[in-house]
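The values are calculated or read from the model by the stated rules, or taken from the named source; none is laboratory data. Everything numeric here is computed off the predicted structure, so don't read it as measured data. FYI the Cβ positions are ideal-geometry reconstructions off the backbone, even for glycines, and counts take in every protein chain you see. For the accessible areas, the whole protein counts, side chains as well, though only heavy atoms, and no ligand, DNA or RNA atoms are used. Shrake-Rupley method; radii C 1.70, N 1.55, O 1.52, S 1.80 Å.
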Amino acid sequence: MTLIVAKKLPGNRYAFVADFRISYGRGGVLQSDEALKFFDAGGRPGAKVGFFAAGAVAFWQVAAPLLKKAAYRVSVPEARKNGGPLHRALNQAAGSVGSEARGVVFAVQKDRNQTRVMVVRVFQPPNPVAPGMVAELERFPQDGFCAIGSGASVPNLRDSVDTRIDALGDDASTYQVAVAMRDAIRDTFEAAGTDAYRRYGVSPDMSIGLIEGGHFRLAGETGFHLSSSGEVSHYELSGELDSGVELKDKITGETHTLTPIDKLPSSPADKPLDVQRKADDKSREE
């Protein structure tokens, strides 16, 4: 259960918003099941392949090592090729895990200013030639907007995001658009009711990602977490994708490493809390 929202912008730029799971125990203390719903698959020198993952965790746990091996054989222009390295790895995983999954995958190469963004769909075909799941790499939607995961069905999500982006004007940076998207998503869930995060299985803690100039970077966040019982904690998301993204409680000093979805020990359910927070974003380059 998750929410991933992606928007294509002029100049082959992309903005991403994805929730990540953190849980709090008594006294607002961070618990140990934090999860980042993104993983870095690596790539050939100068290139990068990454996945924002939704759907069955079991699928991504099987797919990730296959995709990391395949990523070194991927050329950005042919990343979506039917029967190519990514497509074959996804179908190998789909054939061994009987679970549906969705995702957004990007392939970038900065020195050549190359970018490809695609949508992953793992599903049971209506008239299968053989039993089991299949995987497809689909083009990014032509209208430039993609929302997947359990949270994508919250009412008025697209309208809210578009309204916020339109209000920025044509000169807005990719980062400004991503922040506006995140704020619009939070407004949408607040408008859907006090228990909307829980009902839709989405965490109110969200990271943002940016692609521009053939380069991807993940942006972190600092903010306050206020539970319904009044317990307060102040967290900071920081770090690098390759060495680990950390979440630090600014009050207790405790630090926890956010576990990429492909390295979770099992398939836990998200445990979002209904919260209020005031947040400032801090960009973290890969």
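Among the residues of the stretch 123-143, at least one is of a type in the set (Lys, Arg), open to solvent by 90 Å² or more (accessible area, probe 1.4 Å) and closer than 22 Å to TRP60 by Cα. Quick one: in the stretch 184-221, of everything that is outside any helix (DSSP H, G or I) and acidic (Asp, Glu), which residue is surrounded by the fewest Cβ atoms within 10 Å (Cβ to Cβ)? In this case the residue turns out to be ASP195.
Reported count of residues in the stretch 42-73, each being within 20 Å of ARG102 (Cβ to Cβ), touching a residue at least 40 places away in the same chain (Cβ under 8 Å) and aliphatic (A, V, I, L, M), is 8. State whether the residues of the stretch 161-181 include one that is among the polar types (S, T, N, Q) and over 26 Å from VAL108 (Cβ atoms). Yes. For the stretch 72-107, enumerate the residues that are modelled with pLDDT of 90 or more, of a type in the set (A, V, I, L, M) and not in a strand (DSSP E or B). Residues satisfying the conditions are VAL74, VAL76, ALA79, LEU86, ALA89, LEU90, ALA93, ALA94. Picking from residues in the stretch 55-96 that are charged (D, E, K, R) and touching a strand residue (DSSP E or B) at 6+ places or on another chain (Cβ under 7 Å), the one that is least open to solvent (accessible area, probe 1.4 Å) is LYS68. Entry remark, the stretch 144-183: residues being aliphatic (A, V, I, L, M), assigned to a helix (DSSP H, G or I) and crowded, with 17+ Cβ neighbours inside 10 Å number 9 in total.
Just to verify a result, which residue in the stretch 40-49, among those that are surrounded by fewer than 24 Cβ atoms within 10 Å (Cβ to Cβ) and under 20 Å from the mean Cα position of the chain (by Cα), is modelled with the lowest pLDDT?
Ranking the candidates gives ASP40 first.
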